[in-house]
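Peer 1: If you scroll down you'll find the structure; I have some questions about it.
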Amino acid sequence: MRTSSLKPLMLSVILLAAMFAGCLAEEKETAYDGPIDFIVYYDITSGTILETLQNNQQVSETGVDVVFDFSYTKSNAGDMSSFWLTPGDGSNPITVNAADTGEVTYTYLTHGMFSATLGAMDDQDNEYSENIT
């Protein structure tokens, strides 16, 4: 009879210990301390892709345009040389010359959530990037 009363107690101890698993270690997040002050604005995070079908054939498609504004991104080490976007939908990265424009525009034509990478480089080859979803 005594062993049967220990089973619920042991189960309770195991469940209580499982609640704290992984909570005791301190996470160390390394802060970026490079020369690039990375500031990017974008005003849309979702949208609707419109596909027009006629007789079961797609006749037009309107994607979701996302504009990433890098114009406030600066470097303490020199002038910005390029900005880039890897859209995360399987298409190739887009790179623009920072002397020409501070914006990168991309049209998503595929449904889903994507993990995009935004980045910047200055004329001293300092580079910084961040992932967004």
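Peer 1: Enumerate the amide H contacts of residue 73 below 5 Å, restricted to partners 5 or more residues apart or on another chain; note that Pro and chain-start residues carry no placed amide H.
Peer 2: 39
Peer 1: Cα convex hull of segment 86-133: mean projected area in nm², to one decimal?
Peer 2: Values: hull surface 14.8 nm².
Over every viewing direction, the Cα hull of segment 86-133 projects on average to 3.7 nm².
Peer 1: So, one more: So what is the orientation-averaged projected area of segment 29-132, using the convex hull of its C-alpha atoms, in nm²? Display every interim value, and only then the final one.
Peer 2: Values: hull surface 31.5 nm².
The orientation-averaged projected area of the Cα hull of segment 29-132 comes to 7.9 nm².
Peer 1: Please give the contour-minus-distance gain from residue 132 to residue 14: 0.36 nm per residue of separation, less the Cα-Cα distance, rounded to one decimal in nm. Working shown, then result.
Peer 2: Details: separation 118, 0.36 × 118 = 42.48 nm, distance 3.74 nm.
Stretched out fully, the residue 132 to residue 14 stretch lengthens by 38.7 nm.
Peer 1: Each residue of segment 72-78 in turn: what ³J(HN,Hα) in whole Hz from Karplus with 6.51, -1.76, 1.60 and θ = phi - 60°, glycine and Pro shown as x?
Peer 2: For segment 72-78, the Karplus curve yields 9, 7, 10, 10, 6, 9, x Hz.
Peer 1: What are the ³J(HN,Hα) values, in whole Hz, obtained from phi via the Karplus relation 6.51 cos²θ - 1.76 cosθ + 1.60 with θ = phi - 60°, for each residue of segment 102-115 in sequence order, with x given for Gly and Pro?
Peer 2: x, 10, 10, 10, 9, 9, 7, 10, 10, 6, x, 9, 10, 9
Peer 1: Normalised by the number of residues in segment 29-132, what is the relative contact order in percent for Cα pairs under 8 Å and 6+ residues apart? Don't skip to the answer; put the middle values down first.
Peer 2: Details: 207 pairs, mean separation 29.3, N = 104.
Reported relative contact order: 28 percent.
Peer 1: Enumerate the residues in segment 61-100 having an amide nitrogen under 19 Å from the point lying 7 Å beyond the Cα of residue 110 toward its Cβ.
Peer 2: In segment 61-100, the label zone of residue 110 (backbone N under 19 Å from the point 7 Å along Cα→Cβ) covers 61-67, 85-95.
Each value in this text was obtained by applying a stated rule to the coordinates, not by laboratory testing. Owing to the predicted nature of the structure, the values given are computational and were not obtained by experimental measurement. Neighbour counts run over all protein chains shown; Cβ positions are idealised from the backbone, glycine included.
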